[in-house]
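What follows is calculated from the coordinates using simple rules that are stated; it is not laboratory data. Quantities reported herein were computed from a predicted structural model and do not represent experimental measurements. Here Cβ is always computed from backbone atoms with ideal geometry, including for glycine, and neighbour counts include all displayed protein chains.
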Amino acid sequence: MDTTALRAAYEHLLDVAASPDLGEAADGGWNADQLLAHLLSVDAAIAAVALGVVAGSRPTFDNRVSLDRSNLARIVAEHVDRAALIGSVRRTADILCDVTDELSDADAQVLVPSFLISNDVVALDQPLTLESLIDGLAADHVPRHSQQLLELRVAV
């Protein structure tokens, strides 16, 4: 699989995340650290799914753990500051992309039972190909969170 778009989406997101002027969400939503923890959790889970497919198991993907505020707080607390958190997100995204680069065409077409919640609503409850699951990160997930980070910029 080609990870050019996913790597570019992450470069943009991580550039935005490094901005020193990120405040709190006006609507009570996630702050920058929580968004980054969410991304780290999602990427690690999808990398684990991809490796499971390569190993011959038939893993599932469920994003609920990456939405759990206590899990996000745990991930944030494991980092001394945002720069450290950004570094972890970068490494996890790189691992995901490196694994994805090595997937065979057959692996990419394996159906992964997937359960996704977005804004407290079930967004998906059906199998997706591993390729679609990963491509969704580049096409929607990472850009959407980049936009959320941009919206956290404090007017000076």
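Worth pointing out:
- Along each principal axis, Cα extent of the chain, largest first, Å: 51, 30, 27
- Packing rank of 31-38, 102-109, where each peptide gets the mean count of other beta carbons within 10 Å, highest leading: 31-38, 102-109
- Multiplying the residue separation of Val80 and Ala106 by 0.36 nm and removing their Cα-Cα distance gives an extension gain of 5.3 nm.
- Point-charge dipole on Cβ atoms (K/R +1, D/E -1) for segment 63-105, about Cα centre, debye to 20: 420 debye
- Placing pseudo-labels 7 Å out from each Cα toward the beta carbon at Ala55 and Leu150 gives an inter-label distance of 3.9 nm.
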